[in-house]
């Protein structure tokens with residue numbers, strides 16, 4: 001079975017921006033893949049969080065379990081929160097200049113009439129402190145609606161040059 005990726009939409013920022021929205025996501029694919037190359041400004045840190053909301057849902061319908069590796073490994077769990085929270089997922093303003101992180105969010109069966117599990121894998125490089133971060137998370141959106149809109153934001157603003165690509169995946 002061949003797997004094919006089709007670019008649904010993309011956004012490469014030309015100025016500092018608070019969020020990126022992918023709307024009118026077609027229901028013609030099996031899965032979704034969101035790829036982010038990002039950097040934030042405004043939180044005074046060398047790392048930032050990556051946050052998502054599906055279909056403008058602000059209720060406490062999200063859960064996340066994550067593992068973050070610096071030189072040591074940490075675990076975290078958030079249940080019944082109002083957005084997906086990927087800690088240590090993007091470079092911050094105090095990190096190495098002009099360095100962008102990368103993250104992939106995989107959303108299988110986004111149109112199925114069931115709760116939506118999804119995962120994130122992210123890497124943040126920071127030569128200034130020699131402490132790169134690697135974050136892996138398994139998450140759940142407790143809603144059975146098909147995902148038609150994805151809001152991507154952070155605990156700060158995304159800088160110019162941050163890029164966001166949403167792909168549809170077909171298993172055919």
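The strands (runs of 3 or more DSSP E) located wholly in segment 1-88 that include 2 or more residues which are more than 29 Å from residue 170 (Cα to Cα) occupy 17-22, 47-54, 62-69, 73-81. Looking across 47, 84, one residue alone is under 26 Å from residue 113 (Cβ atoms) and buried (at least 22 other Cβ atoms within 10 Å of the Cβ). It is 84. Would you tally the residues in segment 152-164 being surrounded by fewer than 19 Cβ atoms within 10 Å (Cβ to Cβ) and under 11 Å from the mean Cα position of the chain (by Cα)? The number of residues fulfilling the criteria is 0.
Does residue 98 fit the bill of being surrounded by fewer than 18 Cβ atoms within 10 Å (Cβ to Cβ) and modelled with pLDDT of 90 or more?
Answer is no for this residue.
Looking at this structure, is residue 47 touching a strand residue (DSSP E or B) at 6+ places or on another chain (Cβ under 6 Å), in contact (Cβ under 8 Å) with a residue 12 or more places away in the chain and closer than 11 Å to residue 139 by Cβ? Taking the combined requirement at face value, the residue does not satisfy it.
Comparison of 113, 94 shows that the only residue that is out of contact with any helix residue (DSSP H, G or I) (no Cβ under 9 Å at 6 or more places or on another chain) and either within 30 Å of residue 28 (Cα to Cα) or not in a loop (DSSP other than H, G, I, E, B) (or both) is 113.
Step by step: first the residues of segment 58-81, then only those that are touching a residue at least 40 places away in the same chain (Cβ under 8 Å) and closer than 15 Å to residue 139 by Cα, then the one that is surrounded by the most Cβ atoms within 10 Å (Cβ to Cβ). Which residue is that? Checked segment 58-81; the qualifying residue surrounded by the most Cβ atoms within 10 Å (Cβ to Cβ) is 62.
The values are calculated or read from the model by the stated rules, or taken from the named source; none is laboratory data. The structure displayed is predicted, hence computed values, not measured ones. Note: ideal-geometry Cβ built from the backbone for every residue, glycine included; neighbour counts use all protein chains shown.
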